[in-house]
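Below is one structure, written out as structure tokens; comments come after it.
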Amino acid sequence: MRAIRLASAVLLGAGALTSCVPAADATPRTDFGFSVLPSTVRAGGEVTLHVTRNRACRGEAAVGSMAFDPVTIPRDESWTTVVVDRDARPGAVYEVEFTCDGSTGIARLTIARGRPAHHPDRHPTHHPRKGVHAGEGGTLAGFDLKEIGLGAALIAGSLGVAYHFSRRRTDGDAD
């Protein structure tokens, strides 16, 4: 009888933990890293498209979106800049598709509300051949304290419920 309660408590805890996974983390990931910086920009503004070069992404990287014209990042470079279309819809979220050596990944680009950005002195962008190979800045990049606190509370609550059910005795169990 006690094993059934313990198994139920474990399954309840596991169910609670798996239901806490955000939808973005449940989707399959690509074998290479990519980013759009900044992830929010006004129509007509400029964004930097970055790919992380590794075994999964050695060749040209194609980047496309409804927010700007398609571009290619050459095999010996890791980034390029593009100008977002001036007619991009303010408040809209556009998908940015990165494809490299058969792998594809999607990033999001949000168009900020406000007037389109103005670039009176457009100069060609120089792409350095070498540079810093940096990531997002640590193990907690992209998280905030509310998400961490909520996750910790859900885990602690699940473990507490599992412990309570495993330790609870009925009148028939007491000898």
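Quick test of your reading of the structure: H127 fulfils all but one of (1) assigned to a helix (DSSP H, G or I); (2) at pLDDT below 60; (3) not charged (D, E, K, R). Name the failing condition by number.
(1)
Specify the residue that is nearest to S103 (Cα to Cα); the eligible residues are those in the range 54-73 that are part of a loop (DSSP other than H, G, I, E, B) and touching a residue at least 40 places away in the same chain (Cβ under 8 Å).
If we take residues in the range 54-73 being part of a loop (DSSP other than H, G, I, E, B) and touching a residue at least 40 places away in the same chain (Cβ under 8 Å), then A56 is nearest to S103 (Cα to Cα).
The values are calculated or read from the model by the stated rules, or taken from the named source; none is laboratory data. If you're wondering where the values come from, they're calculated on a predicted model, not measured in any experiment. Quick reminder, even Gly has a Cβ in these numbers, built from the backbone with ideal geometry, and neighbours come from all protein chains shown.
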